[in-house]
Amino acid sequence: MRPVYLFLLILLYLSSRAHGVALAQEPEVDRLTSGVRTEIIEAIASQLRQGYVYEDRGIALAGDLLAAHSTGRFDSPDIPVDLAEVLTNFLQDRSRDRHLRVSAVRRPRTGASPDPGIVQTPQGVFDRDRPLLRFELMPGNVGYVAIGPFGWTEAGRAQVDSVMNALRNVDALILDVGRSPGGGPDAVVYLSSLLFDEPTHLVSSIRRGWDQPMDRWTRTDVAGPRFPDIPVIVLTSSRSFSAAESFAFGLVVTGRARIIGERTGGGGHFGELVSLPAGLSLFLPVGRTYDPKTGMGWEADGLDPEIEIPYEQALPAALAVLSQNGLVIPSTEPPDRLEARRELLDAERALLDAYERRDVQALELLLDSGYAAVYPGGRASNRSQTLSMVGEMVGAPPARHRTEGTEVLLYGDAAVLTGVYVQERGDRKRRARYDDVWIYRDGAWKIVSSRLQDE
């Protein structure tokens, strides 16, 4: 039996009115008695003990739930939807598991016939017939695709095939899951398969009670065009959840894509929908998905982007990174942005001066938290390593740092500076081509990535 990845959007569709979702439906039960309330809580505790993904935590959660109930913690909500909200908050607070939730199942009014393809969530309304929210060919022959739910109808899959076919000749892909609240594994595997030209092990899943994990591989029978060799960047936000995270995670652990944006929501479990008394339901996480090489997943903590910046800045930053890696991408800003260009050149000069003076404090203000550098020969350095290296050089023979022929390409709140970097120490001179990515954050330009290659 394969794991049951119930569609997160459906759960949210059935979720409490705390989300402000007007569904033209009526609650199954108007008021709760103390006896029914106890039945609900005892049923949840039983499910936690018997099926929660981690047996010890399930037993502990069940005990906490029953202990809180015995003190009257859940006595006040007498409407199912309100009790569902209170129980969800309690369980998620104790477990840090955002998949673990109680929902009020609602029945349609007489004559109502909601479209099963339309789902409404706190992130917005989604149409499973058209799961791609936006797609376009951007300057530099870069394909951009914004993905909504990872749960498609046949019409939805046809839209995916059509869009990817239209982008079949692009030189790079930017796949945006910043508004995707989740879905199921089939769509994740299908879209991932387009990015490889041979079977690839993406992730593995294990369920409580299984002796062996289930491995998830790319498919060989996808109809759409494949993009096995071009650069791929995935954009994320704090709203990216569950299957959206699984999609990004599988591409990162296989080395196929880079992530730019915000840390994701942390939904690394999968589960089942369990019926409860009084028309309530429990989404019970029963398993986890992880990297088969390390055993690590992303539950609770979320995915850590390579360049962590606000989601609104992720797209221009992705264009800047692609430009840094050799794609010819025209600037998206008008040529009269002289002030921004001057600010960037001043920031670069301040960076070079800080290196000359071995001024660690000045560097701390200029290096972004996710800063990473690659030097000639392939040696790499992150922010803390760079600051440590500069601090250790205090007292060493002085060296001058300058650039020649610097060009500035602006992409909104991101920019690429390219040219020749020159280091002079006495009679010795070293030259290298450089490509630096800068981000405008907190009122100042900060460098997030630097690549140097021997001239």
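The values are calculated or read from the model by the stated rules, or taken from the named source; none is laboratory data. If you're wondering where the values come from, they're calculated on a predicted model, not measured in any experiment. For neighbour counting, all protein chains shown are included, and Cβ atoms are generated from backbone atoms with ideal geometry for every residue, glycine included. Only protein heavy atoms, including side chains, enter the accessible area calculation; ligands, DNA and RNA are left aside. Shrake-Rupley method; radii C 1.70, N 1.55, O 1.52, S 1.80 Å.
For the stretch 409-418, indicate whether the set of residues that are touching a strand residue (DSSP E or B) at 6+ places or on another chain (Cβ under 7 Å), under 20 Å from residue 139 (Cβ atoms), of a type in the set (Gly, Ala, Ser) and surrounded by 14 or more Cβ atoms within 10 Å (Cβ to Cβ) is non-empty.
Taking the stretch 409-418 and keeping what is touching a strand residue (DSSP E or B) at 6+ places or on another chain (Cβ under 7 Å), we get 409, 413-418.
Filter once more, keeping what is under 20 Å from residue 139 (Cβ atoms): 409, 413-418.
Retained after the next criterion (residues that are of a type in the set (Gly, Ala, Ser)): 414-415.
So of that shortlist, the ones also surrounded by 14 or more Cβ atoms within 10 Å (Cβ to Cβ) come out as 414-415.
There is at least one residue in the stretch 409-418 that is touching a strand residue (DSSP E or B) at 6+ places or on another chain (Cβ under 7 Å), under 20 Å from residue 139 (Cβ atoms), of a type in the set (Gly, Ala, Ser) and surrounded by 14 or more Cβ atoms within 10 Å (Cβ to Cβ).
Counting just the residues of the stretch 323-370 that are among the polar types (S, T, N, Q) and modelled with pLDDT of 90 or more, which one comes out nearest to residue 411 (Cα to Cα)?
Filtering the stretch 323-370 down to residues among the polar types (S, T, N, Q) leaves 323-325, 331-332, 361, 369.
Right, trim to modelled with pLDDT of 90 or more and you get 323, 361.
Working: 323: 10, 361: 28 Å.
The residue in question is 323.
Checking the condition open to solvent by 50 Å² or more (accessible area, probe 1.4 Å) and either modelled with pLDDT of 95 or more or on the phi > 0 side of the Ramachandran plot (or both), which residue from 124, 111, 143 passes? Don't jump to the end; show me each part of the working.
Details: 124 fails: open to solvent by 50 Å² or more (accessible area, probe 1.4 Å); 143 fails: open to solvent by 50 Å² or more (accessible area, probe 1.4 Å).
When all the criteria are applied, what remains is 111.
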Where the second residue is outside any loop (DSSP other than H, G, I, E, B) and open to solvent by 60 Å² or more (accessible area, probe 1.4 Å) and the first is within 14 Å of residue 357 (Cβ to Cβ) and lies in the stretch 380-403, which pairs have Cβ atoms under 7 Å and are six or more apart or on separate chains?
387/364; 397/425; 399/425
May I ask you to list pairs of residues, at least six apart or on different chains, whose Cβ atoms are under 9 Å apart, with the first in the stretch 125-139 being under 18 Å from residue 168 (Cβ atoms) and the second being open to solvent by 50 Å² or more (accessible area, probe 1.4 Å) and not in a loop (DSSP other than H, G, I, E, B)?
135/166; 137/166
Taking the residues in the stretch 277-311 that are closer than 23 Å to residue 194 by Cβ and buried (at least 21 other Cβ atoms within 10 Å of the Cβ) as candidates, determine which candidate is modelled with the lowest pLDDT.
305
Among (1) at pLDDT 95 or above; (2) over 16 Å from residue 297 (Cα atoms); (3) crowded, with 18+ Cβ neighbours inside 10 Å, residue 274 falls short only on (3)
For the stretch 405-415, does any single residue satisfy the condition of being more than 31 Å from the chain's Cα centre (by Cα) and aliphatic (A, V, I, L, M)?
no
Among the residues of the stretch 240-255, how many are out of contact with any helix residue (DSSP H, G or I) (no Cβ under 8 Å at 6 or more places or on another chain) and on the phi < 0 side of the Ramachandran plot?
7
For the stretch 348-383, how many residues are closer than 21 Å to residue 407 by Cβ and of a type in the set (A, V, I, L, M, F, W, C)?
6
When the stretch 148-166 is checked residue by residue, the ones that are open to solvent by less than 70 Å² (accessible area, probe 1.4 Å) and without any contact (Cβ under 8 Å) to a residue 40 or more places away in the chain are 148, 152, 153, 155, 156, 157, 158, 159, 163
May I ask you to verify whether residue 264 is more than 16 Å from the chain's Cα centre (by Cα) and either crowded, with 24+ Cβ neighbours inside 10 Å or among the β-branched types (Val, Ile, Thr) (or both)?
no
Specify which of the listed residues (233, 206) is at pLDDT 95 or above and out of contact with any helix residue (DSSP H, G or I) (no Cβ under 9 Å at 6 or more places or on another chain).
206
Could you check the stretch 65-88 and list, in sequence order, the residues that are farther than 11 Å from residue 44 by Cβ, outside any loop (DSSP other than H, G, I, E, B) and open to solvent by 30 Å² or more (accessible area, probe 1.4 Å)?
67, 70, 82, 85, 86
Let me spell it out: the conditions are (1) of a type outside the set (A, V, I, L, M); (2) open to solvent by 30 Å² or more (accessible area, probe 1.4 Å); (3) at pLDDT 90 or above; (4) within 28 Å of residue 259 (Cβ to Cβ), and residue 441 meets all of them except one. Which number is the exception?
(3)
